[in-house]
Amino acid sequence: MNPHTFEILGSGGFLLTDRTLDGVHGFESGTDYWLYLDTESLIQSIREFPADGDKRERIANHGHEKTKRHHTYAARASKILKDLRDLG
């Protein structure tokens, strides 16, 4: 996972990406970020989202909230410590 993903989401930005966040706790394409599959869908998204600021903002806000709840350094450190305790 590219760290810029969480920098964008964590700062409240709208994430338009060609990489799915499948497997990352709680994130859904179309709700928390926007996934494009090919050049045509990228171009369509670039045209759509500046015109639909409400939708773009709603998606950015959802992604930001999930990032704040589950993907801070403190949350990650707690998970690592929990996993280490579970190993022992």
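Laboratory data are not the source of any read-out in this text; all were calculated from the coordinates shown. Keep in mind the model is a prediction, meaning the values are calculated, not measured. Every residue, glycine as well, gets a Cβ built from its backbone with ideal geometry; the counts of neighbours run over all protein chains shown.
See the values below:
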| read-out | value |
| --- | --- |
| For the chain, size of Cβ-based charge dipole, Lys and Arg +1, Asp and Glu -1, in debye | 500 debye |
| Å³ per residue enclosed by the Cα convex hull of the chain | 89 Å³ |
| Formal net charge of residues neighbouring His70 (Cβ-Cβ distance under 12 Å; K, R +1; D, E -1) | +3 |
| Label-point separation in nm, Ser78 to Thr20, each point 7 Å along Cα→Cβ | 2.9 nm |
| Candidates Glu48, Glu28, Glu40: whichever shows maximal mean-square fluctuation once the chain is modelled as a Gaussian network with Cα springs under 10 Å | Glu40 |
| Reachable lysines, given that their alpha-carbon falls under 17 Å from the alpha-carbon of Lys68 and they are not under 8 places away in the same chain | Lys79 |
| Mean Cβ neighbour count within 10 Å, used as a protection proxy, ranking 49-57, 6-14, 80-88, 67-75 highest first | 6-14, 67-75, 49-57, 80-88 |
| Helix 39-51 axis, angle to the chain major axis (alpha carbon atoms, nearest 10°) | 80 degrees |
| C-alpha long axis of helix 73-87 to longest principal axis of the chain, angle in ° | 40 degrees |
| Potential lengthening between Arg58 and Glu28 on full extension [0.36 nm per residue; Cα-Cα distance subtracted] | 9.5 nm |
| Farthest toward positive dipole pole in the chain [+1 Lys/Arg, -1 Asp/Glu at C-beta], among Phe49, Ser11, Thr39 | Ser11 |
